[in-house]
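Remarks on the structure that follows.
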Amino acid sequence: MRNGLNHLKTTLPAGRVVLFNPLQHSAYTKDYSSAKAENPGGIVFPEDINDILQTISVANQCFTPVTIRGTGTGKSGGSIPNPEGIVLAMEKWDKILEIDEENHIAVIEPGVLTKTLQDAVQKKGLYYPPDPSSLDICSLGGNVAENAGGPRAFKYGVTGDYVLGLEGVWGNGQAFSFGGKRFKDVAGYDLKSLLVGSEGTLAVITKITLKLIPYPSYIKDLLLTFNTVQEAARCLRIIVRNKVQPVAAEIMDRTCIEAVKNFSKESHDIPDSGAQLLLQCDGFTQESVEAQIKSMIGSANTCDVQQIFEPKTDNEIKSVWSVRRTISESLKALSTHKESHDISVPPNKIPDYFDYIDTLNTKDTIKILAYGHLGDGNLHVNVLNLGLNEKEWFEEKLDLEYELLKKAVDMGGTITGEHGIGKSKKNYMDLMFSSTDKLHFKMIKNLFDPNNILNPGNWV
Ligand SMILES: Cc1cc2nc3c(=O)[nH]c(=O)nc-3n(C[C@H](O)[C@H](O)[C@H](O)COP(=O)(O)OP(=O)(O)OC[C@H]3O[C@@H](n4cnc5c(N)ncnc54)[C@H](O)[C@@H]3O)c2cc1C
């Protein structure tokens, strides 16, 4: 494997290849998942397409594993390298190549951070809605490779809904370019969509063409509190049935709220409650937004709502959203171990899924809870260790993980709604796919990456 790196060190321009040094490069050994960190043999920092073509060609000749890396914020271990393999770090590919205001299209390199693009297009009155909560630290290449979602996916969809074109290099070393500045295109197989969500297992993405939409100038938030998460979930179905489509509908339970209160240094006016439902709506006129808020309050009053809070000042708005954004860190501080999953079920099944979690919460030493994207049925299910030793935790965690994922699939859902399979969920593919499905995945992989150099050992 080292041969590949040594070969690249002599063929690529100076500075492009560095051998791994654990003191300098520990960030490249892991991502934000709990999957085990691994030391690569070295890191390639490509600066142009020739560097990438050369890296993939040498990796094929020497059978050296290559792990493509955006900014390493993934939550399923997708950018954790193979031991002694190569990390292909795309961080220097960070240019916004074009914002085409006439066609509402952006063309970018994959290392651009999501927030950087959003800010740049907003200055021109345009909007790139996908908003993974990591948006100020994650790359758009990683977003495409994971088909990332976020709170706004409820109204605006996920990353893949905005991808018009992709350029890059397949694992077999062939360059490609699909789609482009066109909104409709049904010619041939849709290989662009095959790459969206392919988690770095088929190709290196080097250029992305994205759809933009007009920026909705009016945005308002509404916070509702309930006794239980089930009541909050049922209330959202009523809000939607009454013909309001919120941008976001985020749910937090009592444990999350208390964890944030204990953890956060800022003082939040967080009402005590069993559940919070944080809603956002937007529009092009103030009247349309006010009408949506009025309708949502009307719907809430027909449910068992406890408190209705309309954050108005910048501080109030920041505060209600920062509670949502601080949950993950706050839960970590509460427990010795935390395992997080991102199941998705049909939205009307959410109350049943919460009921199921209640049935599993029978011990003082383990707490299971869920929060997140209620609108599209995508919950972050967390298992917290409140007192087990390492060995007990590992066994309990594995059993619970299986039960929680299987229940989601049995309800017509999936084992991952946005974080991907990567290394973390690869053992659960059988819950979703037949052996024939998996064979077809392998055949696709073999076609585009015949020497299995891209992310070997992940799910395919
Ligand atoms: C605090 C926090 C909040 C988060 N919130 C959300 C959320 O709301 N929604 C959500 O969907 N995710 C969320 N995530 C997960 C993560 O941010 C996303 O999966 C994101 O898309 C990963 O981007 P990245 O640049 O960090 O990719 P990385 O972690 O570096 O890589 C992820 C995968 O993409 C592949 N990849 C990266 N770049 C390329 C490329 N150029 N070509 C081909 N393959 C590539 C890698 O090989 C890997 O398999 C969150 C993470 C954190 C830490």
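Any read-out appearing in this document is the output of simple, stated calculations on the displayed coordinates, not a laboratory observation. Bear in mind the structure is a predicted one, so any value in this text is a computation, not a measurement. In this analysis, Cβ positions are derived from the backbone assuming ideal geometry, glycine residues included, and neighbour counts consider all displayed protein chains.
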Helix-only [θ]222 nm of the chain, DSSP H runs n ≥ 4, -39500 (n - 2.57) each, per residue, nearest 500:
-10500 deg cm²/dmol
Student exercise, the chain dipole from Lys, Arg, Asp, Glu Cβ charges, in Debye to nearest 20:
620
Contour minus end-to-end for SER288 and LEU191, with contour as 0.36 nm per residue of separation and end-to-end as the Cα-Cα distance?
31.0 nm
Whole Å is fine, so just give me how far the alpha carbon centre of the stretch 48-88 lies from that of the stretch 289-357.
38
Quick one: grab the alpha carbon gyration tensor of the stretch 217-332, order the square roots of its eigenvalues as a ≥ b ≥ c, and give me rounded if a/c is under 1.5, else prolate or oblate depending on whether a/b is larger than b/c.
oblate
To one decimal place, what orientation-averaged projected area in nm² is obtained for the convex hull of the Cα set of the stretch 2-89?
5.2
What angle do you read, to the nearest 10 degrees and between 0 and 90, between the alpha-carbon axis of helix 435-448 and the longest principal axis of the chain?
50
Radius of gyration and maximum dimension Dmax of the chain, Cα, Å:
22.7, 71
Unpartnered cysteines - no second Cys beta carbon under 4.7 Å - across the chain
CYS62, CYS138, CYS256, CYS281
Selection from SER139, LEU164, THR64, by position along the positive dipole direction of the chain (Cβ)
THR64
Using 27 Å as the Cα-Cα cut-off, could you pick out the over-long pairs in LYS181/LYS425; LYS367/LYS425; LYS184/LYS349; LYS95/LYS338; LYS75/LYS438; LYS192/LYS243?
LYS181/LYS425; LYS184/LYS349; LYS95/LYS338; LYS192/LYS243
Treating only Lys and Arg (+1) and Asp and Glu (-1) as charged, each at its beta carbon, one finds that the stretch 242-366 has a dipole about its Cα centre, in Debye to the nearest 20, of 180
Which one, PRO129, LEU374, SER217, projects farthest toward the positive side of the charge dipole computed for the chain from Cβ point charges (K/R +1, D/E -1)?
PRO129
